[in-house]
Amino acid sequence: MAQLPISYSASITLNVNGTDHQIEVDHRWTLLRVLRDVLGLTGAKRGCDRGECGACTVLVDGDPVCSCSMLALQVGGRQVRTVEGLGDANSLNVLQEAFLAEDGGQCGFCTPGFIMSATALLESNTDPTEDEIKAALVGNICRCNAYGRIIESVKAAAKSEAS
Amino acid sequence: MTTFKTIGKSEPRRDLPEKLTGEAKYTADVQLPGMLFGKILRSPHPHARILSINVDAARNLPGVRAVVTPFDAPKGQVAPDMPILDTEARYVGDEVAAVAADDEDLAEAALSLIEVKYEQLPFVTDAVEAIKPDAPQTRPGGNLVGGKPLTLIRGSVEEGFAQADRIFEETYSTPAQAGAALEPRAAVASWDGDNLTVWKSTRGVHADQLALSLALDVPRGNIRVMGQNMGAGYGTKDETRLGAITAVLAQRAGRPVKIELTRQEEFVAGRHRHGTTTTVRMGVKNDGTVTAVHATTIMDTGAYLSSGPGVIRRAGQGALYLYRCANVQYDGYLTYTNTPSGGSYRALGAPQGHFALESLADTISEALGIDPLEFRLKNHVGLEGQPGERVTPANEVLDTQPVEGGVPFSSNGLRECLQRGSEAIDWGQPSERPESGNLRRGKGMGMFIYRGGAGGRSIARMRLESDGSLRLLTGLMDVGEGSLTVMPQIAAEELGVGYGQVLVTFGDSETTPEAPLTAGSTATFSTGTATKEAARQLKARIIEVVAPLLDTEPSNLQITDDGVEHIQYPERSVSFAQIAESVGEIEVEAAISPGSRDHVINSFGAHFAEVEVDTDTGQVRVLRYIAAHDSGRILNPKLAINQVEGGVSQMLGFTLSEQMLTDPRNGVTLNASFLEHKSPTVQDFPEMQVLFADVVDPVGPFGAKALGEPPSIGVAPAVANAIYNAIGVRIRDLPLTPDRVLNEIEAQRGDSQ
């Protein structure tokens, strides 16, 4: 006989992009699932659901994490930042502008994850070397392999932040 | 020299801003009120007859709203060899049944309550084994598709080999390479009475509309397919079964249903690059002149045909057409096995075929004491095409994958690619000798030929809308290659307005005219030609209707960014909004079947790699890479460079690390994850330079030819040849993983001792 799902739920306060949300979460739900299915923030993508591809990258207390591999319960009371918190298509931030100018993406599915990993990098290191950029982005897979343009985008963003 | 307003400029990718902010919606992001979640039960056996399925327990689970099995599914076919669901499972992972439930966890639980009785059948997991006479049969008609090989001949290889001073023959293999687009395939289906709407990760909304109509027996006009943003596919996302299953569940539940494949499912049930074994035999004169080429490819299409016939055909084109030679032959054996299904994957079989051909070319060069670059410069096919007699009647359009000789190319920049690429990598200079004793460096190259972009019939519609805006409508999908940016560039240039003024509607079967699949590197050439023609017609119509308004002849008028003005008296002008207000909306539609009766349209290129091999670890590092391409005029340089760089990096995965592994004992895919089917990361990206030959094709729109797939063709031979140059070891089986490199170093040292 198959195991039927048993669920326990708890109420947590999730701070996303500066706004508190009181949410009743199933104990099995990942942060990614809550962001996408409960809060409707679909910028973070479900590329593998097991921490291999980085498409679901968000920042928790400033650190990039795979939101597919973190339970929502773990994030109660902490600060979550998603790509939706950075700017919209009509008012891109410096990093997004650099990605647009340097063509740092193709199909775009991995793009929000790269943007969040690069955001965390540039907030802790305003003048990264190419090796530091690669180390910061190595957890994000781009199957279109637009890596050359992505590296140039992050370099351009760092340069334009500095000027 | 022609000056352009937007052609040749790096206009920013039009859909990128919303992708950078997370606003871009992909199929999995679609949320509908009352939507259910679907899950698919998959076969645990590589080959089995399904005797019965008991779904009572699953159906009785609270929250389960619909179930479909092969015994109650609609009887339509989603492909010639594939019904919506079948009572025979043909690989581990084949679709057996599906459920829709209130949420994903319930749907998953329901799957575990379905009881299936299977009768296991004999199976085969290897293509070379599958074509042997006593192999287990995957199908009643036998494993070899069509019962015989595809054979293509120009001249006579017997004669060609008779003319040769020396004959060389080698066999190469390439593994199945998962497409594994980062977006796992997804579909959402919703019924409103008899009308079905499907949101789908696809590269062709009209092809899907037609296929769903046939599968579900619903009139085409009642089905709307919407593409959304597409998280790439490289050709692999062209099956209909997922959409059909989702639609059947939604119909039964009376509510919208979404199915998203998991990553593991995407690896197994998505499509992959076909594994191949290719033997190439070449005859040469002592001076290096090629007298005969004969290639034989055995290709594993897996459990289903999918696009296998096209892939086996394309695997032979290099052997048939890259080297100038009167006597060539290609035999392609496409075989079924009980493994996941192959499909279209960037350049189809061309990378596999070129890997064998261009590796053998280096073996021959070395044996004859001729530099590999010189061997290619001496023998590559030129503008005049191949020797021989034209077979295609003079009034018919020539194939872009010809076998016949006597048909010239519209343009051919292969020689320029060879020359400029070799200069960029300092071909004549040996690689530096690294300091460490275990490191060896070397350079290698490979050249290639590919279809130039003339594809299926394309329709483009252009409109002056009632508010004065200009809009291009096509059914094309931008799958990441950038057609959403390049098409309005073409339209704007032809109209004579700024790039930003042309709005675009893509990828919706209801509101856009029919376009072929975004496939075969044909979008720019084919839909681009239709777009250019539609823009030309719209321009003519606008000027025609404005002439009486400005009291002059059409020949005195020109289009500007703002509207139409008199050439001599620019103050006599009307804006697009005023035109629309006076005469209403203007719409034109151009349908074209691109191609040429006089010329073969092909793209070309040459790739050069410098690698470093660690002879202690077997690790291969690509230090420098030069990709030189003739794709005609480059319409948007930045997007084109991204396309080439991406294609090269993607195929460094194919060359060095990626392969789908099937357990021959039970047909199970052993490595359905990014950790084990190792994708390149940003750290693997080498120093790379992209060069474009100075070619303007006389047929293509604004001189453009195909670009999307060609970057993937030259990578494996360039890297494998560079490894040979570095360590003197020839590895004939991809991928060139560290263990394989080490084993070959050991084995070939052993041979020479």
Notebook entry, point to check: So which residues in the range B:405-452 are farther than 17 Å from B:Asp362 by Cα and of a type in the set (Ser, Thr, Tyr), if there are any at all?
Noted result: B:Ser410, B:Ser411, B:Ser431, B:Ser436, B:Tyr450
Next item on the list: Give B:Thr505, B:Thr512, B:Thr560, B:Thr518 a once-over and let me know the one that is more than 23 Å from B:Lys638 (Cβ to Cβ) and touching a helix residue (DSSP H, G or I) at 6+ places or on another chain (Cβ under 9 Å).
Entry: B:Thr512
Notebook entry, point to check: What is the one condition in (1) out of contact with any Gly (no Cβ under 8 Å at 6 or more places or on another chain); (2) in a loop (DSSP other than H, G, I, E, B); (3) farther than 30 Å from A:Asn140 by Cα; (4) hydrophobic (A, V, I, L, M, F, W, C) that B:Val695 does not satisfy?
Noted result: (1)
Notebook entry, point to check: Which one is nearest to A:Pro64 (Cα to Cα), of the residues in the range A:82-98 that are facing chain B (nearest Cβ under 8 Å) and assigned to a helix (DSSP H, G or I)?
Noted result: A:Val83
Check: Looking only at residues in the range B:449-467 that are over 30 Å from B:His607 (Cβ atoms) and in contact with a Gly (Cβ under 8 Å, 6 or more places away or on another chain), which one is modelled with the lowest pLDDT?
Finding: B:Ile459
Next item on the list: Quick one: in the range B:237-267, of everything that is over 26 Å from B:Thr301 (Cβ atoms) and among the basic types (Lys, Arg), which residue is surrounded by the fewest Cβ atoms within 10 Å (Cβ to Cβ)?
Entry: B:Arg252
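Just for the range A:42-61: of the residues that are among the hydrophobic types (A, V, I, L, M, F, W, C) and more than 7 Å from chain B (Cβ to nearest Cβ), which one is nearest to B:Phe674 (Cα to Cα)? First the steps, then the outcome.
Just the residues of the range A:42-61 that are among the hydrophobic types (A, V, I, L, M, F, W, C), to begin with: A:44, A:48, A:53, A:55-56, A:58-60.
Filter again for more than 7 Å from chain B (Cβ to nearest Cβ), leaving A:44, A:56, A:58-60.
Values: A:Ala44: 18, A:Cys56: 15, A:Val58: 20, A:Leu59: 22, A:Val60: 24 Å.
Taking the candidates together, the pick is A:Cys56.
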Note to self: Need a quick list: helices (runs of 4 or more DSSP H) entirely within the range B:204-310 having at least 3 residues that are of a type in the set (Gly, Ala, Ser).
What the structure shows: B:205-216, B:241-253
Checklist line | Of the criteria (1) more than 26 Å from B:Gly270 (Cβ to Cβ); (2) touching a Ser or Thr at 6+ places or on another chain (Cβ under 9 Å); (3) more than 11 Å from chain A (Cβ to nearest Cβ), which one B:Pro735 fails | finding: (1)
Next item on the list: Could you grab me the full set of residues in the range B:671-692 that are crowded, with 22+ Cβ neighbours inside 10 Å, among the hydrophobic types (A, V, I, L, M, F, W, C), in a loop (DSSP other than H, G, I, E, B) and without any contact (Cβ under 8 Å) to a residue 60 or more places away in the chain?
Entry: B:Phe685
Check: Of these, B:Gly270, B:Gly343, B:Gly332, B:Gly283, which one is in contact with a helix residue (DSSP H, G or I) (Cβ under 9 Å, 6 or more places away or on another chain), buried (at least 24 other Cβ atoms within 10 Å of the Cβ) and over 24 Å from B:Ile153 (Cα atoms)?
Finding: B:Gly343
Next item on the list: May I ask you to say which residue of B:Val715, B:Val668, B:Val696 is surrounded by fewer than 23 Cβ atoms within 10 Å (Cβ to Cβ), under 29 Å from B:Ala424 (Cβ atoms), more than 10 Å from every other protein chain (Cβ to nearest Cβ) and in contact (Cβ under 8 Å) with a residue 24 or more places away in the chain?
Entry: B:Val696
Next item on the list: State which residue pairs qualify: first residue at pLDDT 95 or above and inside the range B:251-268, second residue part of a helix (DSSP H, G or I) in any location, beta carbons under 6 Å apart, and separation of 6 or more residues or different chains.
Entry: B:Pro256/B:Ala250; B:Val257/B:Thr246; B:Val257/B:Leu249; B:Val257/B:Ala250; B:Ile259/B:Thr246; B:Glu260/B:Ala28
Item checked: Members of the range B:398-410 that are out of contact with any Leu (no Cβ under 9 Å at 6 or more places or on another chain) and either surrounded by fewer than 14 Cβ atoms within 10 Å (Cβ to Cβ) or among the acidic types (Asp, Glu) (or both) -> B:Asp399
Margin query: Of all residues being within 13 Å of another protein chain (Cβ to nearest Cβ) and assigned to a strand (DSSP E or B) in the range B:159-187, which is farthest from the chain's Cα centre (by Cα)? Just the residue, please.
Written below: B:Ala186
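When you look at B:Arg313, is it assigned to a strand (DSSP E or B), surrounded by fewer than 24 Cβ atoms within 10 Å (Cβ to Cβ), assigned by TED's automatic domain parsing to the domain that holds B:Leu418 and not hydroxyl-bearing (Ser, Thr, Tyr), yes or no? Spell out the reasoning first.
On the way: assigned to a strand (DSSP E or B): no; surrounded by fewer than 24 Cβ atoms within 10 Å (Cβ to Cβ): yes; assigned by TED's automatic domain parsing to the domain that holds B:Leu418: yes; not hydroxyl-bearing (Ser, Thr, Tyr): yes.
No.
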Notebook entry, point to check: When only residues in the range B:36-58 that are over 11 Å from B:Ala109 (Cα atoms) and basic (Lys, Arg) count, which is farthest from the other protein chains (Cβ to nearest Cβ)?
Noted result: B:Arg49
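Going residue by residue through the range B:522-532, is there one that turns out to be among the small types (Gly, Ala, Ser), in contact with a strand residue (DSSP E or B) (Cβ under 7 Å, 6 or more places away or on another chain) and surrounded by fewer than 24 Cβ atoms within 10 Å (Cβ to Cβ)?
Pass one, the range B:522-532, residues among the small types (Gly, Ala, Ser): B:523, B:526, B:528, B:530.
Remaining after also requiring in contact with a strand residue (DSSP E or B) (Cβ under 7 Å, 6 or more places away or on another chain): B:526, B:528, B:530.
If we keep only those that are surrounded by fewer than 24 Cβ atoms within 10 Å (Cβ to Cβ) too, we end up with none.
Scanning the range B:522-532, I find no residue that is among the small types (Gly, Ala, Ser), in contact with a strand residue (DSSP E or B) (Cβ under 7 Å, 6 or more places away or on another chain) and surrounded by fewer than 24 Cβ atoms within 10 Å (Cβ to Cβ), so the answer is no.
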Notebook entry, point to check: Considering the range B:319-329 alone, what residues qualify as being in a strand (DSSP E or B) and either crowded, with 24+ Cβ neighbours inside 10 Å or hydroxyl-bearing (Ser, Thr, Tyr) (or both)?
Noted result: B:Tyr323, B:Val328
Next item on the list: Give the number of residues within the range B:625-665 that are at the interface with chain A (Cβ under 10 Å from one of its Cβ atoms) and in a loop (DSSP other than H, G, I, E, B).
Entry: 1
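I'm trying to understand the selection: among the residues of the range A:54-81, which are part of a loop (DSSP other than H, G, I, E, B) and either in the same structural domain as A:Asn145 (by TED's automatic domain parsing) or surrounded by fewer than 22 Cβ atoms within 10 Å (Cβ to Cβ) (or both)? Steps first, answer last, please.
Applying the first criterion (part of a loop (DSSP other than H, G, I, E, B)) to the range A:54-81 yields A:54-56, A:61-62, A:70, A:76-78.
If the condition is that a residue be part of a loop (DSSP other than H, G, I, E, B) and either in the same structural domain as A:Asn145 (by TED's automatic domain parsing) or surrounded by fewer than 22 Cβ atoms within 10 Å (Cβ to Cβ) (or both), then A:Asp61, A:Gly62, A:Met70, A:Gly76, A:Gly77, A:Arg78 are the ones that fit.
Yes/no matrix, rows are residues, columns are (1) more than 30 Å from B:Asp739 (Cβ to Cβ); (2) buried (at least 20 other Cβ atoms within 10 Å of the Cβ):
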{"site": "B:Val546", "(1), (2)": "yes, yes"}
{"site": "B:Arg572", "(1), (2)": "yes, no"}
{"site": "B:Ser582", "(1), (2)": "yes, no"}
{"site": "B:Ala590", "(1), (2)": "yes, yes"}
{"site": "B:Ser593", "(1), (2)": "yes, no"}
{"site": "B:Val600", "(1), (2)": "yes, yes"}
{"site": "B:Ala627", "(1), (2)": "no, yes"}
Checklist line | Among the residues listed as A:Ala101, A:Ala157, A:Ala120, A:Ala136, the single one being within 12 Å of another protein chain (Cβ to nearest Cβ), part of a helix (DSSP H, G or I) and over 25 Å from B:Ser10 (Cα atoms) | finding: A:Ala136
Checklist line | Within the range B:671-693, considering residues that are touching a Leu at 6+ places or on another chain (Cβ under 6 Å) and facing another protein chain (nearest Cβ under 9 Å), the one nearest to B:Phe654 (Cα to Cα) | finding: B:Pro680
Margin query: Quick test of your reading of the structure: B:Gly605 fulfils all but one of (1) outside the structural domain of B:Gly647 (by TED's automatic domain parsing); (2) in a strand (DSSP E or B); (3) of a type outside the set (Lys, Arg). Name the failing condition by number.
Written below: (1)
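The values are calculated or read from the model by the stated rules, or taken from the named source; none is laboratory data. These numbers were taken from a predicted model, which means no experiment stands behind them. Using ideal geometry, Cβ is built from the backbone for each residue, glycine included, and neighbour counts are taken over all protein chains shown.
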